[in-house]
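What follows is a single structure, written as structure tokens, with notes after it.
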Amino acid sequence: MQDTVKKSSMTPAPPVLMSITSAAVSRVKELLDSRGKPSAGIRVGISSKGCSGMSYTLEFADEKDPHDDVVEQGGIAVFIDPKAIMFLIGTEMDFVEDELQSGFVFNNPNEKGRCGCGESFHV
């Protein structure tokens, strides 16, 4: 008797590059509206700095760079720097505001640790 293995013709869905909470969408809209000139969106990247080695960067994007990946959500466009993609897969971008501080927070499942001040991370 011969065992047969059926292969699924369905391929798994690619992982979500990045999700953006409604709080982050609202804050990005506010920032883009207050900029004073047209913007295509914002660009998220990674830079080499900080106690743990890497930190997130955010900047206004006047246009999409040819190699950017784009996450569109809630009427905004977030461009992902191609050098940062492998570090951001599955990340949730949020905006948090409390009595002491406010800012964008990245909930990244790829992080292996953060520095004590929370400004940098390593994978």
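A few points about this structure:
- Filter pass, V44 being modelled with pLDDT of 85 or more, part of a helix (DSSP H, G or I) and buried (at least 16 other Cβ atoms within 10 Å of the Cβ): no
- Residue pairs whose Cβ atoms lie under 6 Å apart, sitting 6 or more positions apart in sequence or on different chains, and linking a residue in the range 21-48 that is touching a residue at least 12 places away in the same chain (Cβ under 8 Å) to a partner that is of a type outside the set (A, V, I, L, M) and assigned to a helix (DSSP H, G or I), are I46/F87.
- Selection count, the range 90-101, where residues are at pLDDT 90 or above and assigned to a loop (DSSP other than H, G, I, E, B): 1
- Among residues of the range 58-70 that are basic (K, R), those with a beta-carbon under 8 Å from a residue that is assigned to a loop (DSSP other than H, G, I, E, B) at least six positions away or on a different chain give the pairs K64/A40.
- Those residues of the range 17-44 which are under 17 Å from E92 (Cβ atoms) and not hydrophobic (A, V, I, L, M, F, W, C), in sequence order: S19, T21, S22, S26, R27
- Among the residues of the range 74-83, some residue qualifies, meaning at least one is in a loop (DSSP other than H, G, I, E, B), touching a residue at least 24 places away in the same chain (Cβ under 8 Å) and closer than 12 Å to M18 by Cβ.
- Considering residues of the range 84-102 that are without any contact (Cβ under 8 Å) to a residue 40 or more places away in the chain and not charged (D, E, K, R) only, the residue nearest to M18 (Cα to Cα): M86
The values are calculated or read from the model by the stated rules, or taken from the named source; none is laboratory data. None of these values were measured; they are calculated from a predicted model. Glycine gets a Cβ as well: all are built from the backbone with ideal geometry, and neighbour counts include every protein chain shown.
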